[in-house]
Every structure is written in C-alpha cells, then in structure tokens.
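J.: Can you keep this structure in mind? I'll have questions shortly.
The values are calculated or read from the model by the stated rules, or taken from the named source; none is laboratory data. Note that the structure is predicted; figures quoted are calculated from it, not measured. Glycine gets a Cβ as well: all are built from the backbone with ideal geometry, and neighbour counts include every protein chain shown. Areas reflect the complete protein model, heavy atoms only, side chains present, ligands, DNA and RNA absent. Shrake-Rupley method; radii C 1.70, N 1.55, O 1.52, S 1.80 Å.
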Amino acid sequence: MQLWYMSARPSPTPLLLFSKIHLAQWMPIMSPNPKSMSDGVVTRFAPSPTCFLHIGGARTALFNWLHAKANGGKMLLRIEDTDRKRSTSEAIDAILEGLTWLGLEWDGEPVYQHARAARHGEVVEQLLAKGLAYKCYATPEEMEKMRERAHGEGRSAVYDGMWRDRDPGDAPAGVDPVIRFKAPNEGDTVIEDQVQGTVTVANKNLDDLIIARSDGSPTYNLAVVVDDHDMGVTHAIRGADHLTNASRQAQIYAALEWETPVFAHVPLIHGSDGAKLSKRHGALGVEAYRAMGYLPAALRNYLVRMGWSHGDDEIFSTAQMIEWFDLAGIGRSPARFDFEKLASLNAHYIKNSDDGELVNLVRAIVPELSQEARPPNSDDEACWEKLALAMPGLKERAKTLIDILDAGRFVFVSRPLDMDEKAENLLDDEARAVLGGLLVSLEGVEDWSVEQIEYVVRGYAEKTDLKLGKAAQPLRAALTGRTTSPGIFDVLYALGKDEAVARIRDQVR
RNA sequence: GGCCCCGUCGUCUAGUCUGGUCCAGGACACCAGGUUUUCAUCCUGGUAACACGGGUUCGAAUCCCGUCGGGGUCACCA
C-alpha cells in the first residue's frame with residue numbers, strides 16, 4: 001500500500017512554466033506530453049456510486065477502455081465514494097456488473113477513493129505547509145452573502161478570499177475550519193484538451209475551492225488529482241460536465257508540481273429534449289438495456305458512434321473499434337439519444353448471432369422479466385428446444401431479445417391455445433374446412449422436415465386450387481393463436497409433428 | 001446572471017484543421033415501389049440540412065467578426 005502511494009510515473013517532466021516566485025502570475029501550460037504516450041497509456045473510469053451505471057457513464061467507460069486498448073495500455077477503475085453518505089454498495093455492484101456485461105473489463109482491483117483518505121490528508125497538509133492552502137472559518141451565512149454579491153455583480157467567483165491572508169489568530173473559537181486551496185488570482189489557466197481544444201479560463205473567475213471539509217475529509221477535486229497522480233493516469237477521459245473541474249484541478253497539479261494527465265472531455269449525451277440526460281428522461285442503467293433485450297455488442301456499437309466517428313462506417317466489431325479508435329475522432333457537440341438507431345443496430349447483431357447463443361441469451365433474461373412478461377412453461381426444456389428450431393425465422397424479424405420471446409411465444413403455450421381476436425375471426429367455417437383437409441395430409445408426413453412439410457402443404461393448396469395464403473393463414477391461427485408469425489413451414493417444423501397436428505385438430509372440430 | 005463549450009437532413013454523423021473535386025455523402029427514422037404464405041427481413045428509389053447576418057476571397061459548409069439559439073458549470077456532491 002505504501003508503494004502504491006509512491007507509484008507516480010517515472011521521472012515526471014514538469015511542463016509547468018511557473019516558478020514559486022511568480023506564483024500569483026503563473027500560467028500553467030498543459031500541453032500533452034507525446035513522450036508519455038509511449039510510456040504506456042493508463043486511463044481510468046471513475047464513477048461515483050450514487051446510482052447505477054447510466055448510458056453516459058457507460059460511454060465514458062467505453063472510450064477509456066478503447067483508448068487504453070488502442071494504445072496497449074490499461075484502464076483502471078476507481079470508485080469515487082468520498083461522500084460516504086451518498087454511496088451505496090448496490091450502486092457499486094450495479095456499476096461493476098454493468099461494466100462486465102458490456103465487456104469493459106478494467107485492469108487490476110478497483111480503487112476505493114475513501115480508503116485513500118489518509119493519503120489525501122497528507123497532500124492537504126503539504127499544501128498547507130507550503131502556504132498553498134489555508135484554513136477558512138467563513139460561516140454558511142457569510143457564504144450566502146458572498147454568493148448573492150457575486151451574482152449581483154455578475155462575477156463568477158463566489159468566495160471572496162476573506163480568510164486567504166488573514167491572521168489565523170483571528171480564528172473563532174470552537175469552529176472547525178474547512179481548508180481552501182490558494183488559487184492564483186491573476187493570469188489564465190489553460191488546458192489543452194484533446195476534444196475541446198484549448199480552453200482558457202481567467203484565474204480571477206476561479207475562487208479558492210475547498211479541498212478538505214471541516215471534518216477533515218477530502219473533497220472531490222483534491223482527491224481526483226491525488227489519485228490520478230498516484231495511479232499513474234496518463235489520460236483523463238470524462239464527460240464535458242467536468243470541464244470546469246479540469247481548470248481547478250490543473251491549478252492543483254501546478255501547485256503540487258505534478259504533471260497533468262492529458263484531458264479529453266467528451267460531450268454529454270442528451271435526452272430527446274436536448275438537455276443533459278437525467279432521470280427525468282427516464283435515463284436507464286445498463287442493466288435495464290439488458291432486460292429490454294439489447295446485446296452488449298449492439299450497445300457498444302451504438303455508444304461508440306455517439307460523438308465518435310470513423311468516416312462513414314456504422315458497424316464495428318470490437319477489434320475494429322480498438323484499431324480505429326482515436327481521441328481526435330471525437331466530436332465536440334453533444335448528441336441526443338435515439339432508441340430507434342440502437343434498435344436497428346441490435347437487430348443487426350441479433351441477425352448475425354448464432355441460434356444456440358441466442359437461445360441462451362433469451363433464457364438468461366427471463367428471470368429479469370415481470371411475471372406477465374415471462375413465457376409460460378419457461379422451465380420446460382422441450383420448449384427451449386423448439387425455440388432453437390424456430391430461431392432462424394425468429395431472429396430475422398426481431399429487434400430485441402424480447403421480440404424473439406414474444407414472436408416465439410407459440411412454442412411455449414399449451415393447448416388449447418388462446419386465440420387473439422384477429423385469429424378468431426380468421427377461423428371461419430371455410431378456414432376450418434381447409435384445416436381439416438390439411439390435417440389429413442400432414443398426419444401422413446413421415447419425415448417431419450421443413451422441405452417435406454412445404455411439399456405437402458403446397459401440394460394440398462395446388463390440389464384444391466387454393467392460393468397458398470388461404471392455407472397458410474388458417475394454419476398460422478391454429479398453430480400460434482395469432483395472424484402473424486415466422487414462415488408457416490418453420491412454425492410447423494419447430495412445433496414438431498405431434499404438437500402441430502394436435503393444435504390443428506383442436507380447430508377442426 | 002458570470003464563466004466555458006457547441007450549432008450540417010427529424011436523429012447520429014462525413015466533409016471544416018490543409019477554402020474549389022459538396023447545387024453537401026452515409027446511417028437510423030419516414031414515404032413509395034419490388035420480392036413474399038402473414039408479419040418482418042431483403043432489394044430499389046425518394047423526401048430532407050450547411051442557424052442567421054456581415055466580412056475576407058476569383059471562390060466559403062469550410063477562414064474572421066457579430067447576432068441568435070442550445071448546452072454545461074458555478075455545493076463542506078461527485
């Protein structure tokens with residue numbers, strides 16, 4: 001563990017053009033260090049465990065993973081749980097499971113940020129000792145006034161620095177202070193972001209942020225800097241909502257004389273109304289996409305195309321993504337989430353999946369479905385075997401695994417079948433008469449293969465001068481209880497002779 | 001409101017850095033036609049965009065300025 005703390009990158013080359021003498025005027029120039037690329041790329045995904053892994057987080061993780069893989073590097077996982085009150089183990093589990101399901105395996109053990117509080121405290125002490133941080137005793141009321149004043153004067157910096165240079169002897173008794181970072185007042189902080197380009201913020205717009213709470217616990221921006229540094233992170237790829245944090249973090253890096261990682265702030269994913277995707281859009285965790293019957297490969301493909309492109313290419317295997325992924329290919333404008341496109345991609349991946357594998361995937365999500373949504377007899381092995389037989393016809397019309405389950409429901413139901421209204425209407429006397437004739441022909445089939453079945457049914461239609469549809473539709477109704485289904489010969493075949501014949505006989509009487 | 005970012009078909013985007021090959025290409029969606037035992041799939045075709053206004057230039061989606069619009073962020077949350 002001690003070693004871990006010391007695991008800064010080998011000989012970090014300070015890129016910061018500032019000296020202690022000119023602290024107040026410093027202007028860190030954070031250009032990416034091309035050398036560090038060849039030293040081995042280390043990315044990290046750093047979710048806060050306050051809720052499930054949502055779609056935006058999943059994409060951030062994907063980009064970090066891809067960038068690591070594309071450069072032969074590693075993606076680390078860090079759970080940002082400094083706020084103990086809001087962190088839950090359920091959320092941690094959901095995040096870990098979500099990443100695993102998506103196929104985004106991280107390297108090494110997850111790092112729990114709260115476990116590193118001692119190290120964070122150590123850095124806070126260092127900053128304090130060097131005069132780069134100070135204790136602040138401002139009351140909530142005073143802060144509220146400052147907020148109002150800043151807003152009224154149209155300034156963006158809120159805290160006015162009232163304790164920045166004040167004599168600690170003025171400290172009120174019995175008040176635990178917070179510790180603030182002594183941020184530079186003049187000059188600019190410049191970030192060379194791989195996605196956003198050069199982002200310049202005037203230092204006067206950034207106030208002295210709190211790096212340790214009054215109970216001594218570290219805050220986010222301090223912890224992130226210390227952890228990214230100690231973990232040897234070379235590339236911080238995260239949502240654009242962290243862009244302002246990046247400026248503040250850059251100041252802390254500069255104060256500590258540490259090299260900043262390369263930043264890449266990816267535009268956010270928006271809901272259909274154009275606002276940041278959130279719970280009010282019904283934003284879902286990845287486990288919800290799994291339950292809706294989406295394939296990990298489809299979700300990955302969809303996610304990688306949101307904000308990133310490789311010419312006109314739409315379909316990417318994981319290997320291709322890794323080969324082609326490049327931070328430079330990420331666009332700067334936010335994207336809206338579109339279920340239709342995800343569904344179309346999902347349909348593509350389903351069509352190209354192996355039948356047996358699809359059966360397993362469908363089976364795996366059944367326990368996650370509500371009681372009504374589950375097919376009857378879902379513990380009957382024979383039904384699953386029939387589903388496998390029907391899969392070729394099922395998968396070409398499905399957009400999700402749920403579609404397969406729904407369209408394939410006829411293999412699960414038991415006789416006598418429930419008929420939907422259209423099927424009921426279709427089975428008039430004429431149709432039942434046709435079924436009667438068909439029944440006799442089908443009972444005579446020895447070799448119950450798709451070819452034989454088709455031969456017999458077509459033969460019957462020709463013999464009785466019926467259009468094929470006149471035979472197929474009554475069969476469909478009798479066999480599935482519906483008016484739509486996969487090809488009728490496939491349905492007959494999947495059901496097996498005994499069951500098919502019995503279902504037809506049920507309707508002849 | 002301050003600060004930061006963004007603005008090509010309804011949506012995701014190519015093209016923008018290195019102005020002309022773009023009266024703007026692809027994908028999803030949508031519409032029409034074809035294949036077909038239903039529904040789909042599949043095939044063919046179609047509708048549809050450079051936010052607006054100036055400027056630079058022989059020439060601008062591409063460069064510059066402004067306007068408008070959208071988003072993010074301003075916690076002892078992360």
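J.: Suppose each label sits 7 Å from its Cα in the direction of the beta carbon; what would the A:H114-A:I315 distance come out to in nanometres?
T.: Label at A:H114, label at A:I315, 4.6 nm between them.
J.: Using only the alpha-carbon atoms, what does chain A span along each of its principal axes? Please give whole angstrom values in decreasing order.
T.: Between the extreme Cα coordinates on each principal axis of chain A lie 104, 48, 43 Å.
J.: Quick one: accessible surface of A:E421, probe radius 1.4 Å, all protein chains present, in square angstrom to the nearest 10.
T.: 140
J.: Could you sort the peptides A:362-370, A:409-417 by per-residue average Cβ neighbour count (10 Å cutoff), highest mean leading? Mind showing how you got there, number by number?
T.: Numbers: A:362-370: 14.3, A:409-417: 16.2.
For the peptides A:362-370, A:409-417, the packing ranking is A:409-417, A:362-370.
J.: Place a +1 charge on the Cβ of each Lys and Arg in region A:415-509 and a -1 charge on the Cβ of each Asp and Glu, then give the dipole magnitude about the Cα centre in debye, rounded to the nearest 20.
T.: Details: 13 positive and 18 negative charges, 25 e Å.
I would put it at about 120 debye.
J.: Something else: Among A:486-499, A:307-320, how do they line up by average Cβ neighbours within 10 Å per residue, starting with the highest? Let's see the in-between values first.
T.: Working: A:486-499: 20.0, A:307-320: 13.9.
Ranking the peptides A:486-499, A:307-320 by packing returns A:486-499, A:307-320.
J.: Separation between the A:D498 and A:E186 pseudo-spin-labels, each 7 Å from Cα along Cα→Cβ, expressed in nm?
T.: Modelled inter-label distance: 9.3 nm.
J.: To make sure I understand the rule: partners must be aspartates and glutamates, Cα under 12 Å from the Cα of A:K351, and not fewer than 8 residues away in the same chain. Which ones qualify?
T.: Output for A:K351: A:E396.
J.: Multiplying the sequence separation of A:R363 and A:T139 by 0.36 nm and subtracting their Cα-Cα distance, what value in nm do you get? Mind showing how you got there, number by number?
T.: On the way: separation 224, 0.36 × 224 = 80.64 nm, distance 5.82 nm.
So the extension gain works out to 74.8 nm.
J.: Could you work out the relative contact order of region A:327-486? I mean the mean sequence separation of Cα pairs under 8 Å and 6+ apart, divided by the number of residues, in percent. The partial results should precede the final answer.
T.: Numbers: 124 pairs, mean separation 37.6, N = 160.
In percent, rounded to a whole number, it is 23.
J.: Roughly how tilted is helix A:89-102, in degrees to the nearest 10 and between 0 and 90, from the longest Cα axis of chain A?
T.: Compared with the principal axis, the helix lies near 60 degrees.
J.: While we're on this one: Among the lysines, which have Cα under 17 Å from the Cα of A:K386 when same-chain residues fewer than 8 positions away are ignored?
T.: A:K395, A:K497
J.: Compute the helix-to-body angle for A:450-463: its Cα long axis versus the longest principal axis of chain A, expressed 0 to 90° and rounded to tens.
T.: Here the helix axis deviates by roughly 50 degrees.
J.: Here is a follow-up. Using alpha-carbon positions, what is the distance between the centroids of region A:164-240 and region A:359-396, in Å?
T.: 53
J.: Same structure again: Working out 0.36 nm times the residue gap between A:E396 and A:R458, then minus their Cα-Cα distance, what length gain in nm do you get to one decimal? Intermediate results must be reported in sequence, preceding the final value.
T.: Working: separation 62, 0.36 × 62 = 22.32 nm, distance 2.34 nm.
Net length gain for the segment: 20.0 nm.
J.: Take A:K470, A:K351 and sort them by solvent-accessible surface of the protein heavy atoms, 1.4 Å probe, largest at the top.
T.: Details: A:K470 115, A:K351 95 Å².
Greatest to least solvent exposure: A:K470, A:K351.
J.: Then there is this: Quote the convex hull volume per residue of region A:160-226, based on C-alpha atoms, as a whole number of Å³.
T.: Numbers: hull volume 6.7 nm³, N = 67.
Taking the convex hull of the Cα positions in region A:160-226, it is 101 Å³ per residue.
J.: Using a probe of 1.4 angstrom, how much of the accessible area of chain A is carbon and sulfur, in percent? Provide the component values of the computation, followed by the final result.
T.: Numbers: 12140 of 23800 Å².
Carbon plus sulfur share of accessible area: 51 percent.
J.: Averaged per residue, what accessible area in Å² does chain A show with a 1.4 Å probe, protein chains only? Walk me through the numbers on the way to the answer.
T.: Details: 23800 Å² over 509 residues.
Solvent-accessible surface per residue comes out at 47 Å².
J.: Output the Cα-based Rg and Dmax of region A:415-509 in Å, rounding Rg to one decimal and Dmax to a whole number.
T.: 11.8, 34
J.: Near A:K74, which lysines are there with a Cα under 26 Å away, not counting those fewer than 8 places off in the same chain?
T.: A:K35
J.: Only bridges whose two residues both fall in chain A count here: according to DSSP, what percent of them are antiparallel, nearest 5? Could the numbers behind the result be given before it?
T.: On the way: 16 of 33 bridges.
Roughly 50 percent of the DSSP beta bridges within chain A come out antiparallel.
J.: While we're here: Going 7 Å from the Cα of A:E424 toward and past its Cβ, which residues in region A:485-509 have a backbone nitrogen under 16 Å from where you end up?
T.: Backbone N within reach: A:507.
J.: I would also like to ask the following. Divide by every residue of chain A the summed helix terms, -39500 (n - 2.57) for each DSSP H run of at least 4, and state the resulting mean residue ellipticity at 222 nm, rounded to the nearest 500 deg cm²/dmol. Don't jump to the answer; show the numbers that get you there.
T.: Values: 21 runs with 226 residues, N = 509.
Value at 222 nm, helices only: -13500 deg cm²/dmol.
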